[in-house]
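Structure first, then comments.
All of the numbers you see were taken from the coordinates with simple rules; none came from a lab. The model shown is predicted, which means the values in this text are computed figures rather than measured ones. Cβ sites come from the backbone with ideal geometry, for glycine too, and all protein chains shown count toward neighbours.
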Amino acid sequence: MGLDTSASREPDRIVLTPEDETVFKALRLPLCEWIGDGSFRGKVYIDVVDAVAGVCLTADWITPEEVAEMAAAFEACDPEAVAQATADDRYDTSADEVRALRRLLRICADRGLGLVGSW
């Protein structure tokens, strides 16, 4: 088992509104273990999120304010350059995955959601 990362309205448990759930179910994101419930395999993206946004996904709780900063950092990055820079990482990240993280983080930021990490 490894780190999973989930969008949430609360730091201690996964809490989403029905509207949040509807938004996530409609997304088709090329993220590891994305099934449309607001969670993904964070372990795979630890390095790229740290490199782009300076945030560690291993945190138990990433506040909505930090998620907004992460979204801005991903919006400012060049997905192809990030993908190229991660080519030799343990988990390389494609440009499509960078774009998916950008989209997910922006949706979370706009909805006032934080991120919960679980081991």
Note to self: Sort 82-94, 40-52, 18-30, 64-76 by the packing proxy (mean of other Cβ within 10 Å over each peptide's residues), most packed first.
What the structure shows: 40-52, 64-76, 82-94, 18-30
Margin query: Please give the charge dipole size of the range 27-91, origin at the Cα centre, charges +1 on K and R Cβ atoms and -1 on D and E Cβ atoms. Round to the nearest 20 debye.
Written below: 280 debye
Margin query: Charges at C-beta only: +1 for Lys and Arg, -1 for Asp and Glu. How large is the resulting dipole of the chain about its Cα centre, in Debye rounded to 20?
Written below: 300 debye
Next item on the list: Could you check the simple spin-label distance between Ala76 and Glu21, using points 7 Å along Cα→Cβ, in nm with one decimal?
Entry: 3.7 nm
Check: What percent does the relative contact order of the range 4-118 come to when contacts are Cα pairs within less than 8 Å and at least six residues apart?
Finding: 37 percent
Check: What is the Cα radius of gyration of the chain over 2.2 N^0.38 Å, N being its residue count?
Finding: 0.96
Next item on the list: Quick one: order Cys56, Cys32 by neighbouring beta-carbon count within 10 Å, fewest to most.
Entry: Cys56, Cys32
